[in-house]
1. Could you list all residues from the stretch 74-113 that are farther than 17 Å from Arg16 by Cβ, among the β-branched types (Val, Ile, Thr) and open to solvent by 50 Å² or more (accessible area, probe 1.4 Å)?
2. Suppose we filter the stretch 74-112 for residues that are over 21 Å from the mean Cα position of the chain (by Cα), within 11 Å of the ligand (Cβ to nearest atom) and part of a loop (DSSP other than H, G, I, E, B); how many remain?
3. Counting just the residues of the stretch 61-73 that are more than 16 Å from Leu10 (Cβ to Cβ) and surrounded by fewer than 17 Cβ atoms within 10 Å (Cβ to Cβ), which one comes out farthest from the ligand (Cβ to nearest atom)?
4. Could you identify the single residue in Leu58, Leu51 that is touching a helix residue (DSSP H, G or I) at 6+ places or on another chain (Cβ under 6 Å), part of a helix (DSSP H, G or I) and modelled with pLDDT under 90?
Amino acid sequence: MDPERWRTFLTEQQERVRDRTRRLEAELKTLVRARRGESDDDEHDPEGETLSARWSMLAGLLESAREDEWQAERAMARLASGAYGVCDSCGRPIPFPQLEVRPFRERCVSCSV
Ligand SMILES: [Zn+2]
């Protein structure tokens, strides 16, 4: 693929990751509001426990989404400098199917193990 097509591909992936982060942030905000609206008697409120569990889950997802976003930015920088798609470790080109599965990878599968 030529660099222009890589750029389109990566931009799409980056937007997807950003969307996910924004959606999770919005969901967490709503949840925080829902928790504030509850009584202080949280311990005896089964609903409160469900919200806490959901909050931890969302917080975890958001953390990994932010990590992906950061990786997407790095991938864009690598593309700009011509290093994208080249394994950081062995210096060989990363096969396209591997990049398709994980577009932000910086190492080929053999070097990632
Ligand atoms: Zn490698």
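The values are calculated or read from the model by the stated rules, or taken from the named source; none is laboratory data. Nothing here was measured: the structure is a model prediction, and the numbers come from that model. So basically every Cβ, Gly included, is an ideal-geometry build from the backbone, and we count neighbours across all protein chains shown. The area values use the complete protein model at the heavy-atom level, side chains included, leaving out ligands, DNA and RNA. Shrake-Rupley method; radii C 1.70, N 1.55, O 1.52, S 1.80 Å.
1. Result: Val86, Val109, Val113.
2. Going through the stretch 74-112 one residue at a time, the tally reaches 5.
3. Within the stretch 61-73, the match that is farthest from the ligand (Cβ to nearest atom) is Leu61.
4. It is Leu51.
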